Amino acid sequence: MHLVLGLGNPGGQYARTRHNIGFLVADRLAERDGAVCERKQLGALVERVDIDGCKAIVAKPTSYMNESGQPAASLRGYYKLGNRDIVVIHDDLELPFGEVRVKDGGGHGGHNGLRDLQRRLGGNDFLRVRVGIGRPPKGWDVADYVLAGFDDDEREHLPDIVERAADAVTWLLSHGVDGASRRLGARHAG
């Protein structure tokens, strides 16, 4: 069993913002299994799904991004999982828009959701699917940028990006970090 945690902020005003890319991917993973993340459990909207033969709980914390750790820790405890059983999907300013990468552990890089997860989970040894949103344009505040909606060009490419990130979660669960990285690289090159 795995916990697949999409990071984002609750509420309609944040639904289609850069910071909520984790929620979009979590929703897509549930849709692939004919489900919807709407059951409330321990501070998150959750759904049990099968991801390419791997049993998983897909979850979207209902707390704000910078308080994502408590729902994650509660779900981890309830399902008797370890940090290595957790996959976190999040936006990443350091990757160009639309780039998808997987990662094993690492620092928070200033991401408040990751910072809180590391604090509440007692470590950074969870797996990640990083979805690039790019750096803000000159003169933009980072917080304003991540909480802004996608521009027209980004919205056009968003369905494909969400699909690739959902594929990355699938490959990560079935082939590990190295296998998922190779598949992402081959797909990107092709």
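Using only the C-alpha atoms, the convex hull of the stretch 98-190 corresponds to 117 Å³ per residue.
Please compute one quarter of the surface area of the Cα convex hull for the chain and express it in square nanometres. Walk me through the numbers on the way to the answer.
Values: hull surface 40.1 nm².
Its Cα hull, projected and averaged over all orientations, spans 10.0 nm².
Heavy atoms of the protein chains alone define the surface here; on that basis the stretch 34-152 has 47 Å² accessible area per residue at 1.4 Å probe size. Counting only DSSP beta bridges whose two residues both lie in the chain, roughly 55 percent are antiparallel.
Take 36-47, 63-74 and order them by the average number of nearby Cβ atoms within 10 Å per residue, most first; the result is 63-74, 36-47. Distance from the alpha carbon centroid of the stretch 127-143 to that of the stretch 24-40 works out to 24 angstrom. The Cα trace of the stretch 1-69 gives Rg and Dmax of 11.3, 35 Å, the first to one decimal, the second as a whole number. For LYS40, a cut-off of 27 angstrom between C-alpha atoms picks up these lysines, skipping any fewer than 8 places away in its own chain: LYS55, LYS60, LYS80. Label-to-label distance for LYS80 and ASP153 is 5.2 nm, based on points extended 7 Å past Cα in the beta-carbon direction.
Say R0 is 22 Å: what FRET efficiency, to the nearest 0.05, do SER174 and GLU31 get from their beta-carbon distance? Intermediate values should be presented prior to the final figure.
Values: r = 19 Å, r/R0 = 0.84.
So the FRET efficiency works out to roughly 0.75.
The alpha-carbon atoms of the stretch 19-114, seen along their principal axes, cover 32, 26, 23 angstrom, with the largest extent given first. Applying the criteria of a DSSP loop state and at most 10 other Cβ atoms within 10 Å to the trypsin sites (Lys or Arg not before Pro) of the stretch 88-179 yields LYS138. In summary, the aspartates and glutamates within cross-link reach of LYS138, defined as a Cα separation below 17 angstrom excluding same-chain residues under 8 places away, comprise GLU94, ASP151.
The values are calculated or read from the model by the stated rules, or taken from the named source; none is laboratory data. Model, not experiment: these values are computed from the prediction. FYI the Cβ positions are ideal-geometry reconstructions off the backbone, even for glycines, and counts take in every protein chain you see. The area values use the complete protein model at the heavy-atom level, side chains included, leaving out ligands, DNA and RNA. Shrake-Rupley method; radii C 1.70, N 1.55, O 1.52, S 1.80 Å.
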